[in-house]
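Some notes on the structure that comes next.
What follows draws every value from the coordinates through simple rules; no lab data is involved. In this text the structure is predicted, and so the values were computed from the model without any measurement. Glycine gets a Cβ as well: all are built from the backbone with ideal geometry, and neighbour counts include every protein chain shown.
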Amino acid sequence: MIKRVLNQIKSLVTYDADREFYAKVFPDTLNQVELMRFRKMSKADLPRVLEIEAKGYNYPWAEGLFHDCLNAAHYDCWVGEDATDKIRAFCIVSTAVGEATVLNLCIDPVMRQQGLGRKFMQHIIDTAKAKKAESVFLEVRPSNTGAIALYESLEFNEIGIRPGYYKTENGEREDAIMMAYTII
């Protein structure tokens with residue numbers, strides 16, 4: 001009983017004592033991304049999550065969709081916080097039947113191209129492994145070349161195309177590239 005409660009508490013926050021120590025004693029030795037930590041998203045986080053979502057996408061998710069994900073069984077909703085506890089990124093992953101699917105991953109634009117996307121994707125992969133998933137799936141716009149390069153560097157492979165999946169500003173549709181990572 002006690003072990004189960006401790007594991008539940010442990011699953012709420014990822015804590016790195018070394019990171020905490022170095023951040024306090026040697027603050028100049030770590031960059032902002034290295035100081036990031038991940039924790040489960042709560043409803044109280046939604047105003048900041050929605051702000052990041054609106055900055056990150058031309059067609060952001062509605063607030064109700066986030067509520068649905070927070071309430072769904074098999075969904076992991078995570079936020080990434082910097083050393084000042086400000087949320088800088090979030091992700092939503094569905095895990096069931098041996099598969100993890102990244103439904104939404106968004107990095108605050110001021111934190112992009114600093115390694116936070118890589119760190120968050122590694123967290124997603126590690127969490128999927130811990131849940132005994134065999135694969136991680138995601139979809140990405142072909143125009144998002146930076147994300148595609150990141151996923152390929154993490155050994156994701158293109159497995160298909162979803163024609164006309166994404167809305168575009170000119171009213172047309174953009175395909176989605178489907179990618180998969182196989183957990184060994």
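Quick notes on this one:
- Extents of the stretch 65-166, taken as max minus min of Cα coordinates on every principal axis and listed largest first, are 39, 32, 26 Å.
- Added length on full extension, which subtracts the Cα-Cα distance from 0.36 nm per residue, ALA96 to ILE183: 29.9 nm
- Each of LYS86 and ARG162 was given a label point 7 Å from its Cα along the Cα-to-Cβ line. The distance between the two points is 3.2 nm.
- Pairwise FRET efficiency - GLU172 versus ASP126, Cβ, R0 = 45 Å, nearest 0.05: 0.75
- The loop-placed trypsin sites (Lys or Arg not before Pro) in the stretch 39-102, going by DSSP, that have at most 13 neighbouring Cβ atoms within 10 Å of their Cβ come out as LYS86.
- Ordered from longest to shortest, the equivalent ellipsoid semi-axes for the stretch 72-127 are 22, 12, 9 Å, each the square root of 5 times a Cα gyration tensor eigenvalue.
- Cα-based convex hull, the stretch 129-168, per residue volume (Å³, whole number): 93
- SER135-ALA44 FRET efficiency (beta carbon distance; Förster radius 22 Å; 0.05 resolution): 0.10
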